[in-house]
Every structure is written in C-alpha cells, then in structure tokens.
Amino acid sequence: MLTFAAAIFFLIITPGIGVLTTAGIGAGYGFASGARFLIGLFLGTNAVALFVVTGIAAVVLANPVLGPILLYGSIAYLLYLAFRVGWAGSKIAFVERQSAPGVIGGFGLQLINPKAYAVNTTLFSGFHFMVESQSLEIAVKFVIINAIWIPVHLVWLWAGVSLKRLNLSDRTQSLINKGMALSMLIVVVLAAWPREGG
C-alpha cells in the first residue's frame, strides 16, 4: 500500500495538463476561478478512474472510429485551453480576456486528458495489496488517490494564485502565462506522440 501511495504521489505531482492548467488559471484569474475549475477537475478525475476500472475506457479507446475522434478532439481542446491560459493575464492579448473555464471546463479537461487515463490504468491494474478482495482494494485505492490528489492540486493552485498576488508587471505576467501554456503544449505533444509498437 505504501508503494502504491508513493507511485500516486510521483505520478500526480509531475507536471501534466491538469496541474499546469490549474496553476495557469490561478495565476490568470485568481483563487475563486481556480477552485471552481479544480472541482470540475476532481469530478473528472474520478469519472476517468471509474471508466478505467469498469473497462469502458478500454472499449471506447480501442474503437477504430471513436478512438481517433477522441484523440484529435482532445488535442484540439487542450490547445484551446493552452491558448486561454497563455493570454489570460496579459493586457496585450490578441483577444479580449474572457472568464476562466469553470467546473464544466475542469470536468471536460479530465475526460480528454491522456495522462489521466494512463495514470489510472497504471494504478488500478497494478500495485495489488488486497488480493483476497478486489472490490475492497479498488475502494481503498480511490480513497488513497483522492487523499493525495486533492492537496497536490491545491498546492499547484496556490502557486498560481501566489504569482498573481505578486502584482507582477503585465509583461512578466504575460511571459509566465505563456510559459505555462508552452509547458502544456509540450505535455500534449508527449502524450499524443505515437509509441513504438502501438
């Protein structure tokens, strides 16, 4: 169980779309907007875990029609979010600053987040510590995952909000947001990049 908890911590704390977007929204829009987005992200994370545990995710992603549609739809939405974060805190933006993505935005992000599926598949298909009761093990894993997921994401939100409170110049704020957006793009590319052997 300790090995499982350690794996969760390191898989979740590494920069992915969820934490980078959370920090970016915190930096660009403040704590309240970031918290709303985080609630959606939390609900979406648990929905993805349910899809993985029940096998729904494997069936849908293996479909030769739905799989590619979801992949490219995911990439398009993630690029859109990166754009929103990149220009959130800049007065020299090419578009007028809009409101941050809320609960629905966070929920939708996790449903199409490749890392969310990869992490949940790894955690639920491995690290068995209750062989005698698989259903109890799954329930305990949900508790442990959420007990680690919540504070880790709150720390990322706090980091983003802290940047906003520093009252940085418009140019500096713009550069930070664009840096986070670039990091998101890199994560998207790495997640979508085809692996050898499939």
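The values are calculated or read from the model by the stated rules, or taken from the named source; none is laboratory data. All of these numbers come straight from a predicted model, not from anything done at the bench. With ideal geometry, Cβ positions are generated from the backbone for all residues, glycine too; neighbour counts draw on all protein chains shown. Just the protein is used for accessible areas: all its heavy atoms, side chains included, with ligands, DNA and RNA removed. Shrake-Rupley method; radii C 1.70, N 1.55, O 1.52, S 1.80 Å.
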With labels modelled as points extended 7 Å from the Cα through the Cβ direction, what inter-label distance (nm, one decimal) is found for residue 172 paired with residue 80? 3.3
In whole percent, how big is the carbon plus sulfur part of the accessible area of the range 97-161, probe 1.4 Å, protein atoms only? 73
Heads up, the range 100-173 by the C-alpha gyration tensor (a ≥ b ≥ c square roots of eigenvalues; a/c under 1.5 rounded, else a/b over b/c prolate, else oblate) looks prolate
Could you check the simple spin-label distance between residue 131 and residue 182, using points 7 Å along Cα→Cβ, in nm with one decimal? 5.0
Highest mean packing first, using Cβ neighbours within 10 angstrom, the peptides 59-69, 16-26 sort as 16-26, 59-69
FRET efficiency, residue 59 to residue 143 (Cβ-Cβ, R0 22 Å, nearest 0.05): 0.25
So with the 1.4 Å probe, I'd like the accessible area per residue for the range 117-185, rounded to whole Å². 55
Quickly rank 151-163, 112-124 as a protection proxy: mean count of other C-beta atoms within 10 Å, highest first. 112-124, 151-163
